[in-house]
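Novice: Next up is a structure, given as structure tokens.
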Amino acid sequence: MWTDHETEQDFLNFGGVARTVAEIIEQAQSRPISIGVSGAWGVGKSSMIKLIHRELAERSTGENSKFIFVEFNAWLYQGYDDARAALIEVVATALLSEALERKNGVEKTMDLIKRVNWFRAAKLVAGSVAALALGLPPVGLIGEAISLGKDALTGSFDGDTIGDAEETGVKLSKSASGLIKQKEVSSPPKEIHALRKSLEEALEEMGVTLVVLIDDLDRCLPETTISTLEAIRLLLFLKHTAFVIAADDQMIKHAVKRHFQGVDDDLVTNYFDKLIQVPIRVPPLGTQEVRAYMMLLFIENSSLNAEDKEIFRSSVCEQLSKTWQGKRVDLPFLRSLNITLPDELIARLDAADRLAPLMTSATGIAGNPRLIKRFLNAQSIRMSMSRAQGVGVDESVLAKVLLFERCGDPKAYAALIKSVTENDQGKPVFLSDWERKVVSGEPLDLKAPWDESFIKEWLQLPPQLGDRDLRGVLYVSREHVPLITPEDRLSSETIELLTALLEHPDMASSIKDRFSSVARSEISVIMDRLLDKARQEQEWGVPPILDACLVIAEVDPPQGQRLAGFLKERPGTQIKANIVPKIADRVWSKSVFSTWEQDSDIIKPVKSAIKQRRDNGNVSI
């Protein structure tokens, strides 16, 4: 499973954009700058903000950094506080904390705090936190003020912190009366000018640039969005300030249009453009980026050590920067890094390679990183359900069906479900002809609701489903489809035998004789279930499920050919030498061994074991 939150790890080669933003802020040399990071929901704006923060922080290390960072999420304050006052207060509190630690600019910062609280009072915002402005804190309260400031710097200035600020503010007001002479209350324009001047002078005296990172603005209601934009406008274009605002520009423009009713689109655009000097759009993901992103997600959740994971991450990002030269991020590239990949991880990386083109082009996902994570999480949950309930599900089959569920026409998906539930073997046989034509390049004329480009691309995606039993897949997807299980078509005695095989496959030979009275059609269903469970195996030496499959193949010889086909489909890296003597005397093993001998992924001990058995005349002919 993957959590749906921003990260400082760069999986999409966004580091280049983050470095560009950092350079723009540095090259401004204390001149005011405002940068807009725009992009649709889920494309990685929050992660971009984190990367920009990290890039700037790394450029200014030491006891006295040349940057002060304030992270502000207006969405967190929505409904609890006035976003305009909250932003100004968080900025002022952060400066107070920094001034106290540096022992520089304290008086200027305290004057700024006073202006902030006048602003709160002028806007009729309740709260005794205005008391914080009334004077310098005594020594015993410095720690509390610094703590509050650090909360603001880390973006954790929440409701509890506001309460602490109120309590601290009251203490400060009592202790500081008389230390700073309170200025007379003046008009709003004068106070706003004084607030801006106090902030600029405090930053000048401290010798720092204030970097305000604003996120999730496009999640807010129009009123909160406008309130935050007005607060930004109040502090904008001052020396030693840099604002980085992450939001979907279309959502912002919608909020402006809602607030200023009756204005035309040009005025709405002008309003936004006056706030943002440098617009930067999060680049959309192409197939290469989507493939790389999925592969790195799988690597992140793998058993590899942290050092190897970082090698993969940095190497993939470097390779992504060269894709314009024709370079690719794929499984061969990952193998070229000479780090041993677990077999289970290889299977997932292979799936990512195949899914990436559709994840990029399908309108239901369209290369959106957040939607990709949700897709993979849904797949992971269903695979966990299949393992917990003993329902054998091929992960690649599940992924293909889930992709159709998420991106296909609902009517077409309903037709697919209907065909599975009505077929005695749970197979959507109508797909077979379509899949054959698509693979061979023959014309395919589909009628509604199947007449969309996604369907043809989906049909090309392996594995082919026309001859697959999909009932197990539907079983673990039953929040969306009817509950249909193979047991619905089995007698009570056969259900008992199937249960025994699934729970204790190594005991299959002891109940072999009981299968003589089972109908051939039911034997086929039993093999379906056994093979579904067998697909969960990641190593093919002599797993217990193989014993159960061999027993069914002995009871009904045609099932032996099905087992042979299944073994031929296993990844070569999964095959181990000890399976060779286990199946060597079966009439169908010759074709399996021939396939394995021609597979370059099959390890040498397996091929040697096959040769030795053949030389000794122990392979069935």
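Novice: Which whole-number percent of Cα pairs in region 273-358 have a distance greater than 21 Å?
Specialist: Beyond 21 Å sits 33 percent of the P(r) for region 273-358.
Novice: For region 490-615, calculate the relative contact order in percent as a whole number, restricting contacts to Cα pairs under 8 Å that are 6 or more residues apart.
Specialist: Normalised by residue count, the contact order of region 490-615 is 22 percent.
Novice: Next question, about the same structure. I want the local charge near PRO449. Using Cβ-Cβ distances under 12 Å, sum +1 for each Lys or Arg and -1 for each Asp or Glu among the other residues.
Specialist: -1
Novice: Can you list residues whose amide H is under 5 Å from ARG281's amide H, if they're 5+ apart or on another chain and H is modeled 1.01 Å from N?
Specialist: SER38
Novice: For SER361, SER97, what's the fewest-to-most ordering of other Cβ within 10 Å of each Cβ?
Specialist: Ranked by crowding around the Cβ, least crowded first: SER361, SER97.
Novice: As a quick test, which of the pairs LYS427/LYS582; LYS50/LYS253; LYS66/LYS322 have an alpha carbon distance above 29 angstrom in this structure?
Specialist: Over 29 Å Cα-Cα: LYS427/LYS582; LYS66/LYS322.
Novice: With θ set to phi - 60° and the Karplus curve 6.51 cos²θ - 1.76 cosθ + 1.60, what are the ³J(HN,Hα) couplings of region 548-562 in order, to the nearest whole Hz, using x for Gly and Pro?
Specialist: Rounded to whole hertz, the list is 5, 5, 5, 5, 5, 5, 6, 5, 10, x, x, 5, x, 5, 5.
Novice: Over the Cα atoms, compute the radius of gyration (one decimal) and Dmax (the largest Cα-Cα distance, rounded to a whole number) for region 188-247, in Å.
Specialist: Cα only, region 188-247: 12.9, 37 Å (Rg, Dmax).
Novice: What order do you get for MET294, MET385 when you list them from fewest to most C-beta neighbours inside 10 Å?
Specialist: Exposure proxy ranking, most exposed first: MET385, MET294.
Novice: Let me ask something else about it. TRP540's amide H: which non-local residues (gap 5+, or another chain) put their own amide H closer than 5 Å, with H modeled 1.01 Å from N in plane and none for Pro or chain starts?
Specialist: ILE575, LYS576
Novice: Using a Förster radius of 45 Å, what is the FRET efficiency between GLN389 and SER321 based on their Cβ-Cβ separation? Nearest 0.05, please.
Specialist: Efficiency at R0 = 45 Å is approximately 0.50.
Novice: How are the alpha carbon pair distances in region 195-317 distributed across 10 Å bins from zero to the largest one, expressed in percent?
Specialist: Once binned at 10 Å, the Cα pair distances of region 195-317 give 11, 28, 23, 22, 15, 2.
Novice: Provide the gained length on full extension for the span ARG514 to GLN29, in nm with one decimal, where the gain is 0.36 nm per separating residue minus the Cα-Cα distance.
Specialist: Result: 166.1 nm gained on full extension.
Novice: Let me ask another. If we count other beta carbons within 10 Å of each Cβ, what is the order of LEU76, LEU203, fewest first?
Specialist: LEU76, LEU203
Novice: Another question about this same structure. Would you tally the net charge around VAL592, using a Cβ to Cβ cut-off of less than 9 Å, leaving VAL592 out, and scoring K and R as +1, D and E as -1?
Specialist: +3
Novice: Ok, one more. For region 519-524, what does the Karplus curve 6.51 cos²θ - 1.76 cosθ + 1.60, with θ = phi - 60°, yield as ³J(HN,Hα) per residue in whole Hz, taken in order and with x for Gly and Pro?
Specialist: Residue by residue, region 519-524 yields 4, 4, 4, 6, 4, 4 Hz.
Novice: Longer than 20 Å from Cα to Cα, which of LYS568/LYS604; LYS456/LYS533; LYS411/LYS456; LYS418/LYS533 are they? Say none if no pair is.
Specialist: LYS456/LYS533; LYS418/LYS533
Novice: If we sort 513-523, 441-451, 403-413 on the protection proxy, mean other Cβ atoms within 10 Å, highest first, what's the order?
Specialist: By packing density, highest mean first, the sequence is 403-413, 513-523, 441-451.
Novice: Related question: When the label point is put 7 Å from the Cα of GLN538 along its Cα-to-beta-carbon vector, which residues of region 562-597 have a backbone N closer than 13 Å?
Specialist: Residues passing the 13 Å test: 574.
Novice: Could you tell me which of rounded, prolate or oblate describes region 312-353, using a ≥ b ≥ c as the square roots of the eigenvalues of the alpha-carbon gyration tensor, with rounded for a/c under 1.5 and, failing that, prolate when a/b is larger than b/c and oblate otherwise?
Specialist: In terms of gyration-tensor shape, prolate.
Novice: Right, another one. Quick check on region 490-615: take the gyration tensor over C-alpha atoms, sort the square-rooted eigenvalues as a ≥ b ≥ c, and tell me if it's rounded (a/c under 1.5), prolate or oblate.
Specialist: In terms of gyration-tensor shape, prolate.
Quick note: the coordinates plus some simple rules give every number you see, no bench work behind them. The structure displayed is predicted, hence computed values, not measured ones. Please note: Cβ atoms are built from the backbone with ideal geometry, for glycine as well, and neighbour counts cover all protein chains shown.
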